[in-house]
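See below for the structure under consideration.
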Amino acid sequence: MSEALNQQFPCAQCGADLRYAVGTEHLVCDYCSHENIIDIEHTPIQELDFRQGVADQISTEQLETTQVAKCTTCGAQVQFEANIHADACPFCASVLVTDTGAHRHFKPAGILPFAVTQRDAQQSLSKWLGSRWFAPSGLKKYARAGQELNGIYTPYWTFDADTTSSYRGQRGDVYYVDRYVTVMTDKGPRRQLQRVPQIKWTRAAGRVRRFFDDVLVIASKALPSHAADALEPWDLHAMVPYTESYLAGFRAEAYTIDLRDGFAAARGEMDLQIRRDVRFDIGGDQQRVESVDTDFGDVTFKHVLLPLWIAAYKYRDKTYRFVINGRNGRVYGERPYSAWKIIAAVIFGAIAMAVFLGALYASGALDQVVVGNGQFAFPTNDPFFIPGGGQYYPRGY
Ligand SMILES: [Zn+2]
Ligand SMILES: [Zn+2]
């Protein structure tokens with residue numbers, strides 16, 4: 001048993017608390033500038049057997065018990081800090097209930113240390129808000145003050161699986177026939193010869209195989225999955241074995257989505273990819289998939305921690321979140337809209353525009369906005385693409 005998440009990291013020189021120096025491999029002391037090199041284990045990150053994991057047959061070395069503070073509003077369970085009382089939940093800005101006792105769980109196997117500094121995260125926040133003129137001025141001022149940006153290690157699961165799927169379906173091939181059709185012309189209806197597409201369906205059956213490597217799913221209920229999706233991709237290849245030192249100066253959240261539910265989410269992603277593989281294997285111009293029976297072999301998992309900068313703020317009794325990927329600076333933001341600024345736009349804009357905006361505003365469609373660099377991680381028409389890497393085994397493997 002370890003009390004990892006509650007551990008303090010005293011400076012060897014002056015005894016003050018050390019913190020992890022973002023983007024480096026050492027801890028620094030803010031008082032005397034003393035640097036401690038982090039002792040990095042150069043062992044490969046261990047995958048654990050999924051079936052043993054859900055059957056509670058994992059050795060106790062892989063488990064740990066920590067003290068957590070629970071948020072009754074959003075369900076987050078964050079690292080308990082003995083010296084902080086009346087703390088606010090970093091995910092929703094509600095008051096955290098401390099002293100909720102011990103939380104026994106899988107120890108993190110890997111961690112992606114913070115690479116984006118608080119200052120850079122703050123700048124992203126200001127830039128994001130600055131480019132959104134609908135945001136109320138009060139909010140911008142609040143955000144610029146910058147005191148509420150928390151560095152949190154958020155729990156995720158990753159799964160590997162070697163899958164073989166048998167399928168049944170139909171393949172549709174397009175062919176053309178010449179046919180007389182009636183068309184309307186200036187001089188009335190006329191008969192015309194046209195080439196009309198037809199589809200010939202034939203039965204199809206076969207097997208596809210795919211090895212999934214590190215399918216990533218969030219293990220926190222505090223952050224909605226669409227927010228987590230907006231923060232991807234993560235450079236999982238840069239993952240290092242979990243060392244408590246990386247937590248110095250940051251907080252860690254305990255997972256609230258368990259291993260079984262985590263796998264269900266990962267399996268959903270794998271199933272989508274397998275369906276794409278099946279369609280590709282059937283070939284032709286169109287496909288009908290009637291049944292897919294997948295065998296999941298060698299399923300392994302890892303519990304990992306990924307770095308997020310989070311600002312949660314309450315504005316007129318509603319909670320809004322601003323989240324930054326602590327590795328690459330990708331931004332996910334939710335924000336209120338300033339009614340005054342919208343009204344100003346309406347006055348100076350065309351009436352048609354006013355109607356449009358009003359309808360959009362009233363519908364609540366503007367409540368959540370996802371931003372990034374405009375790139376989406378899922379090219380859906382690419383049969384070789386799978387989220388998180390992996391290999392495609394073509395027909396006849
Ligand atoms: Zn010191
Ligand atoms: Zn909360």
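The values are calculated or read from the model by the stated rules, or taken from the named source; none is laboratory data. Since this is a predicted model, take the numbers as computed values, not measurements. Cβ sites come from the backbone with ideal geometry, for glycine too, and all protein chains shown count toward neighbours.
A few points about this structure:
So that you can scan it fast, the table gives a plain yes or no per residue for (1) of a type outside the set (D, E, K, R); (2) assigned by TED's automatic domain parsing to the domain that holds C74; (3) closer than 29 Å to S165 by Cβ:
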position: E244; (1), (2), (3): no, yes, no
position: L247; (1), (2), (3): yes, yes, no
position: F250; (1), (2), (3): yes, yes, no
position: T256; (1), (2), (3): yes, yes, no
position: D261; (1), (2), (3): no, yes, yes
position: D271; (1), (2), (3): no, yes, yes
position: R276; (1), (2), (3): no, yes, yes
position: E290; (1), (2), (3): no, yes, yes
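- Where a residue in segment 11-25 is touching a residue at least 60 places away in the same chain (Cβ under 8 Å) and its partner, wherever it lies, is among the β-branched types (V, I, T) and more than 11 Å from ligand 1 (Cβ to nearest atom), with Cβ under 8 Å and at least six apart: Y20/I38; V22/V116; V22/T117; G23/T117
- The criterion of at least 1 residues that are under 23 Å from V240 (Cβ atoms) and away from ligand 1 (no atom under 16 Å from the Cβ) is met by the following strands (runs of 3 or more DSSP E) wholly inside segment 1-70: 63-70.
- Within segment 26-43, being surrounded by 14 or more Cβ atoms within 10 Å (Cβ to Cβ) and in contact (Cβ under 8 Å) with a residue 24 or more places away in the chain holds for L27, N36, I38.
- In segment 266-301, the residues that are acidic (D, E) and touching a residue at least 60 places away in the same chain (Cβ under 8 Å): E269, D277, D281, D285, E290, D293, D295, D298
- Wholly enclosed strands (runs of 3 or more DSSP E) of segment 237-345 bearing at least 1 residues in contact with a Pro (Cβ under 7 Å, 6 or more places away or on another chain) and among the β-branched types (V, I, T): 286-315
- Checked against the criterion of being of a type outside the set (V, I, T), more than 16 Å from ligand 1 (Cβ to nearest atom) and at pLDDT 85 or above, segment 85-103 has no qualifying residue.
- Against the numbered list (1) surrounded by 12 or more Cβ atoms within 10 Å (Cβ to Cβ); (2) at pLDDT below 85; (3) small (G, A, S), G53 comes up short only at (2).
Residue-by-condition table, conditions (1) surrounded by 15 or more Cβ atoms within 10 Å (Cβ to Cβ); (2) at pLDDT below 90; (3) within 16 Å of ligand 1 (Cβ to nearest atom); (4) of a type outside the set (D, E, K, R):
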site	(1), (2), (3), (4)
A204	yes, no, no, yes
F211	yes, no, no, yes
V215	yes, no, no, yes
A222	yes, yes, no, yes
D229	yes, no, no, no
D235	no, no, no, no
